[in-house]
Number of protein chains: 2
Amino acid sequence: MLPVVLDCMGGDHAPREVVAGAVAAARDHGVPLILVGPARRIRALLAEYGAGDLGGRAAAGLSIVHTDESLEMGEGALASWRKPRSTIAIACELIKHGKAGALVSAGSTAGVVATSAVRLKTQHGILRPALAVTLPTIPRPTVLLDAGATADAKPEMLVQFAHLGTAFAQIRLGIERPRVGLLTIGAEPGKGNKLTKKAHELLAASPLEFAGNIEGHDLLRGSVDVIVADGFTGNIALKTMEGTLRVAVGELKRALSSSRTAKLGAVLQRRELHALTDRFDSDTYGGGVLLGLNGAVVVAHGAATAKAIAAACKLAFDLSEGRLIDRVKDQLGAAAKPSRFRFGHHPEAKGDGKAVEGRSTETRPDLRAEIREPVPEPREQPPGDGA
Amino acid sequence: MLPVVLDCMGGDHAPREVVAGAVAAARDHGVPLILVGPARRIRALLAEYGAGDLGGRAAAGLSIVHTDESLEMGEGALASWRKPRSTIAIACELIKHGKAGALVSAGSTAGVVATSAVRLKTQHGILRPALAVTLPTIPRPTVLLDAGATADAKPEMLVQFAHLGTAFAQIRLGIERPRVGLLTIGAEPGKGNKLTKKAHELLAASPLEFAGNIEGHDLLRGSVDVIVADGFTGNIALKTMEGTLRVAVGELKRALSSSRTAKLGAVLQRRELHALTDRFDSDTYGGGVLLGLNGAVVVAHGAATAKAIAAACKLAFDLSEGRLIDRVKDQLGAAAKPSRFRFGHHPEAKGDGKAVEGRSTETRPDLRAEIREPVPEPREQPPGDGA
């Protein structure tokens with residue numbers, strides 16, 4: 001049972017809400033966590049949020065790894081090299097060392113994606129990572145990927161995204177054979193652009209549960225479990241949906257306060273309207289999961305509250321426990337081609353069947369110095385997890 | 001003052017609603033029209049909708065060109081060759097002969113776009129056509145193009161779409177220098193996929209009023225007048241927006257009838273709620289205009305009512321009178337490159353500076369037989385417009 005590593009300095013309300021979320025995740029969901037950030041500050045917040053009052057096991061599951069550096073909200077790909085001691089970089093190293101199973105951050109999506117892609121590397125056989133988001137469809141959510149990690153994709157990558165999405169939906173939605181749709185224009189197989197036409201052919205020939213083309217109209221219809229797109233298209237669709245919902249909710253509020261009788265009506269409906277706007281609020285479904293790397297990376301919404309952080313930690317833990325990485329490996333099976341980004345530290349590459357534990361990081365010894373022994377949290381000592 | 005040619009057999013409610021719309025366009029907006037379709041049927045409907053009661057000028061502006069053939073809703077690109085006597089094919093010939101200035105159809109978008117692109121050909125210098133739609137933004141509408149005519153576009157085509165959209169917005173929105181945005185992911189110039197990064201560079205160097213990148217979030221924000229995208233991306237964005245609004249309105253209605261007090265509230269708000277759902281109903285802003293051809297093609301919504309048809313006829317007439325084609329020509333100016341689809345009948349290609357009037361169609365003499373003399377409408381004879 002590997003702990004989840006939590007970036008305490010990512011997000012608009014870091015570190016306060018993040019640490020509060022960590023305490024809630026430990027208390028309510030029993031998630032073991034490594035908190036990365038300024039140790040003194042984190043220790044003080046843990047005390048404030050009552051981590052000392054947690055039961056033995058929950059409290060024992062909270063440890064701290066110190067660093068003073070973090071990514072700013074505006075920082076992107078370059079920062080991953082410029083700041084080797086950032087919270088995200090350290091968190092990735094903990095996963096590579098086999099000390100943690102997944103990562104949670106509410107930092108800038110671009111920064112988290114770029115840094116973790118560079119540091120965790122893609123899984124053996126995976127060409128590019130994909131960002132998965134969960135849409136608020138009824139009766140059950142739909143997974144959309146890629147929401148922006150890989151802007152220029154090839155047909156083969158879309159097929160891999162379908163495999164990643166399938167493995168993710170198996171854990172996240174609890175569906176054994178998720179139905180996969182391809183986001184394109186026109187419902188018939190021959191419709192779309194060159195990329196999606198070719199991807200359609202490949203998906204139809206794959207062992208996946210491919211349900212055909214999905215149009216923009218159907219994004220929120222819940223007709224499939226996984227919707228596949230290149231990162232450019234997926235991001236446009238996601239943000240268009242979010243922007244449209246925001247406008248619709250805004251216009252609704254405006255309409256309902258435009259006359260005295262309408263205002264009176266709104267008072268009568270406040271419970272229903274609140275539930276509606278809440279469902280369409282991207283904070284409640286926001287964030288994404290970066291798939292295809294050697295470790296699941298949960299990117300929480302920048303404005304995430306303690307509750308959202310706790311939910312993200314729970315999801316990361318479920319993905320780690322659900323053996324996301326192994327599921328993807330199984331899916332790709334014998335058909336997996338060597339990754340363009342394969343490096344020596346992949347166990348598979350060394351013919352070593354063992355899991356992530358004990359990977360070599362001799363190539364970056366300067367980082368190891370930063371990974372300190374867990375700092376005891378306020379009242380209880382964590383068990384020696386050797387991080 | 002060239003008439004607008006109207007496909008009487010396109011759309012779910014053709015020919016009844018289409019002919020009713022023609023009468024309304026003539027009566028309310030003074031639009032001169034050529035009605036293409038089964039002459040006997042059209043004549044009967046014109047009588048039914050009171051075309052005989054129109055004043056002299058309006059009645060004189062209505063003429064009929066007979067054909068029995070039309071495109072079915074499912075028919076696409078091939079039908080344009082398979083059916084040389086379809087209402088759309090005949091309408092295109094009328095424009096090529098200089099007998100009409102623009103075309104209106106409520107037929108299937110794919111069929112109308114494919115047929116008119118093949119028959120009208122792209123304007124001299126234009127590589128590909130683009131479908132423009134008008135989004136219901138506040139305080140004024142935004143033009144989005146391409147909404148699906150050209151799925152695989154090159155950066156140079158996106159720049160041409162920006163020129164087409166600018167010319168269209170000048171007439172449609174009455175703005176002299178419309179602000180143009182590029183639909184992509186990420187607000188900064190360096191963000192996007194390869195296509196939009198290159199297009200950004202070209203747009204920034206163009207004489208257009210380029211306002212930079214637009215994200216999916218901003219589609220309905222009204223921050224620019226024209227939003228440029230390739231046909232794949234534009235279609236995904238448009239349909240995602242439409243689908244999301246449909247879900248939002250549906251959920252709103254469901255929420256407001258989920259309890260007795262909420263229902264009572266809705267009664268108090270019925271005026272406001274009606275205005276809101278009406279604004280978000282794609283029927284009220286639906287349809288698009290195919291730009292870049294030798295004649296504007298207005299594609300009305302398939303479910304268009306008489307009112308929507310009348311509005312489409314008015315728009316087509318405005319585009320013709322606003323000299324859309326000449327505006328595009330002026331915009332491209334000396335920088336225009338020879339079109340890959342240039343044919344001998346372009347006046348420019350023959351060094352003939354004159355407008356569309358009197359173009360040669362000797363290449364397809366079989367069609368000419370179908371273009372009959374206008375059939376006199378019920379009471380008044382049209383002036384000899386020689387169609």
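The values are calculated or read from the model by the stated rules, or taken from the named source; none is laboratory data. Only a predicted model underlies this, so the values are computations on that prediction, with no experimental measurement involved. FYI the Cβ positions are ideal-geometry reconstructions off the backbone, even for glycines, and counts take in every protein chain you see.
Tabulated data for the structure shown
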read-out	value
Selection count, the stretch B:32-44, where residues are within 25 Å of the chain's Cα centre (by Cα) and surrounded by fewer than 21 Cβ atoms within 10 Å (Cβ to Cβ)	2
Residue among B:Leu208, B:Leu238 that alone is crowded, with 17+ Cβ neighbours inside 10 Å and at the interface with another protein chain (Cβ under 10 Å from one of its Cβ atoms)	B:Leu238
Scan of the stretch B:89-108 for residues that are in a helix (DSSP H, G or I) and surrounded by fewer than 24 Cβ atoms within 10 Å (Cβ to Cβ), ordered by number	B:Leu94, B:Lys96
Sole exception among (1) in contact with a Ser or Thr (Cβ under 9 Å, 6 or more places away or on another chain); (2) surrounded by 23 or more Cβ atoms within 10 Å (Cβ to Cβ) for B:Pro155, by number	(2)
Residue count, the stretch B:217-266 (criterion: assigned to a loop (DSSP other than H, G, I, E, B), under 22 Å from B:Lys197 (Cα atoms) and among the hydroxyl-bearing types (Ser, Thr, Tyr))	1
Lone qualifier among A:Val113, A:Val118 - being surrounded by fewer than 20 Cβ atoms within 10 Å (Cβ to Cβ) and outside the structural domain of A:Asn235 (by TED's automatic domain parsing)	A:Val118
Criterion violated by B:Ala304 - all others in (1) away from chain A (no Cβ under 14 Å); (2) at pLDDT 90 or above satisfied	(2)
Only one of A:Gly148, A:Gly125 that is outside any helix (DSSP H, G or I) and within 14 Å of chain B (Cβ to nearest Cβ)	A:Gly148
Those residues of the stretch B:216-235 which are crowded, with 22+ Cβ neighbours inside 10 Å and at the interface with another protein chain (Cβ under 7 Å from one of its Cβ atoms), in sequence order	B:Gly216, B:Leu219, B:Leu220, B:Phe232, B:Thr233, B:Asn235
